[in-house]
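Take a look at the structure set out below.
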Amino acid sequence: MSKQIKIVFGSVLVALVSILMIQGFASCGSKENRLEKAVKQLNTMLPMKLGNGFTMQKIEQENNALVYEITCNEHLVDMEAIEQNKEELKDNSIAQLKGEKKRSKDFASLLEFCQEKGTNIIYRYKGSSSKKAIDIVVNPDEI
C-alpha cells in the first residue's frame, strides 16, 4: 500500500510543481491570483491517471483548503486499507511536501502562502464504485 501511495503523491506533486514553475508562483503579484490560475491550469490536464488504480480527477479550493480529489479503482485499491493507513499516508504526504519545498522555490512559496492563510491541503480519495471518500488532511503548521 505504501508504495502505491508514494507513487500517487509523487505524480500529484510533479504536476503541481510544473504548473507553479510555469506560473512563477514566487514572483511578484497576487499569490491568490497565481494560485487560482495554477489550479485552473492543472484542471485542464485532468483527469490524470496516476497508476496503480489511482486517477486525479480535480483540484479545487474548497473553503479554507486546497483539495486534490483522487478516484480509486476499487478493483485494484482497497478503500479499507486506505482508511486503516491514514496516519502513514499523512506522514508520507508531509514528507513529500517538505522534500519538494526544499527543491522548488515556487512550491516553497505556495506552501508558505498556505501557512500564511491557514490553508489545509487535503488529499481526498474516492472509491470508484462505493463513492466512499477518505480525506487525508495536512494542516499548514505541519509543513
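For the pair ARG103 and GLU80, label points projected 7 Å from Cα toward Cβ lie 3.5 nm apart.
Let a ≥ b ≥ c be the square roots of the eigenvalues of the Cα gyration tensor of the stretch 70-109; is it rounded (a/c under 1.5), or, if not, prolate (a/b larger than b/c) or oblate?
Numbers: a/c = 4.62, a/b = 2.28, b/c = 2.03.
Prolate shape, in that a/c is at least 1.5 and a/b is the bigger ratio.
Computed from the Cα positions only, the extents of the stretch 45-133 along the three principal axes stand at 38, 24, 22 Å, in decreasing order. For the residue pairs LYS40/LYS105; LYS58/LYS90; LYS37/LYS86; LYS37/LYS101, alpha carbon separations beyond 28 Å are given by LYS37/LYS86.
Provide the net charge surrounding ARG34, with neighbours chosen by a C-beta distance below 12 Å and charges set as Lys +1, Arg +1, Asp -1, Glu -1.
Overall, the nearby charge balance is 0.
Taken together, the values in this text are just the output of simple stated rules run on the coordinates, not laboratory data. In this text the structure is predicted, and so the values were computed from the model without any measurement. Note: ideal-geometry Cβ built from the backbone for every residue, glycine included; neighbour counts use all protein chains shown.
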